[in-house]
1. So if I check each of T126, T111, T140, which one is exposed (fewer than 14 other Cβ atoms within 10 Å of the Cβ) and under 18 Å from the mean Cα position of the chain (by Cα)?
2. State which residue is surrounded by the most Cβ atoms within 10 Å (Cβ to Cβ) when the search covers only segment 47-68 and only residues that are among the hydrophobic types (A, V, I, L, M, F, W, C) and in contact with a Ser or Thr (Cβ under 8 Å, 6 or more places away or on another chain).
3. Kindly indicate the residue of segment 34-74 that is of a type in the set (S, T, Y) and in a helix (DSSP H, G or I) and also nearest to T106 (Cα to Cα) among those meeting that condition.
4. For segment 118-133, which residues satisfy the criterion of being in contact with an Asp or Glu (Cβ under 9 Å, 6 or more places away or on another chain) and either touching a residue at least 24 places away in the same chain (Cβ under 8 Å) or among the small types (G, A, S) (or both)?
5. Is it true that some residue in segment 75-83 is modelled with pLDDT of 75 or more, in a helix (DSSP H, G or I), of a type in the set (D, E, K, R) and farther than 14 Å from N139 by Cβ?
Amino acid sequence: MNTPMLRQASQGTRMLRAAALVLTIIWSGTLQAGPREDALAQFEKFFEYFRTDNHDQLVSLFAPDMLFIGTISPELTSDPAAVREYFVKALSSSRGEVKANLFETTATQITDDVVLVTASWQSERTLDGKMTTNGPSRNTSVMHKRGERWYIVQFHNSWKPK
């Protein structure tokens with residue numbers, strides 16, 4: 001039986017299916033992270049590890065052949081042991097409770113496996129009831145995906161001029 005009512009119901013079902021398909025495609029595109037978002041998520045782990053004094057986790061974010069200039073670094077280094085030593089000195093256990101406040105982060109995807117990240121942030125340390133603020137600082141990092149993992153291959157942090 002091919003009545004106008006059945007044709008209309010069949011057409012309505014097809015329209016509903018088409019709309020559902022379009023919505024699924026749109027939602028899946030917005031929910032999937034791309035290289036920019038993946039690199040930024042890995043970069044933001046730096047601040048998490050910075051707060052917890054975990055030197056080894058911090059160093060694990062960096063590629064073995066990275067270029068590194070920390071806020072108080074006397075010179076550029078590409079030695080993972082020197083980067084670890086830098087964080088051991090900078091993040092001594094006598095620093096009290098630490099917060100790393102990230103103010104602004106931007107990320108620019110250069111290629112599918114290279115993302116440039118800039119950030120503005122500051123640390124706050126509370127020791128014996130007294131808070132000390134370091135910063136604000138600015139950071140520029142280059143993230144490079146090697147295999148399935150993102151690494152910091154270039155890192156430069158400096159105090160923002162007042």
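1. Criteria check complete, one pass: T111.
2. Taking the candidates together, the pick is F68.
3. Among residues in segment 34-74 that are of a type in the set (S, T, Y) and in a helix (DSSP H, G or I), the one nearest to T106 (Cα to Cα) is Y49.
4. Those that are in contact with an Asp or Glu (Cβ under 9 Å, 6 or more places away or on another chain) and either touching a residue at least 24 places away in the same chain (Cβ under 8 Å) or among the small types (G, A, S) (or both): A119, S120, W121, E124, R125, T126, L127.
5. Among the residues of segment 75-83, not one is modelled with pLDDT of 75 or more, in a helix (DSSP H, G or I), of a type in the set (D, E, K, R) and farther than 14 Å from N139 by Cβ, which makes the answer no.
The values are calculated or read from the model by the stated rules, or taken from the named source; none is laboratory data. Just so it is clear, the model here is predicted, and its values are computed rather than measured. Note: ideal-geometry Cβ built from the backbone for every residue, glycine included; neighbour counts use all protein chains shown.
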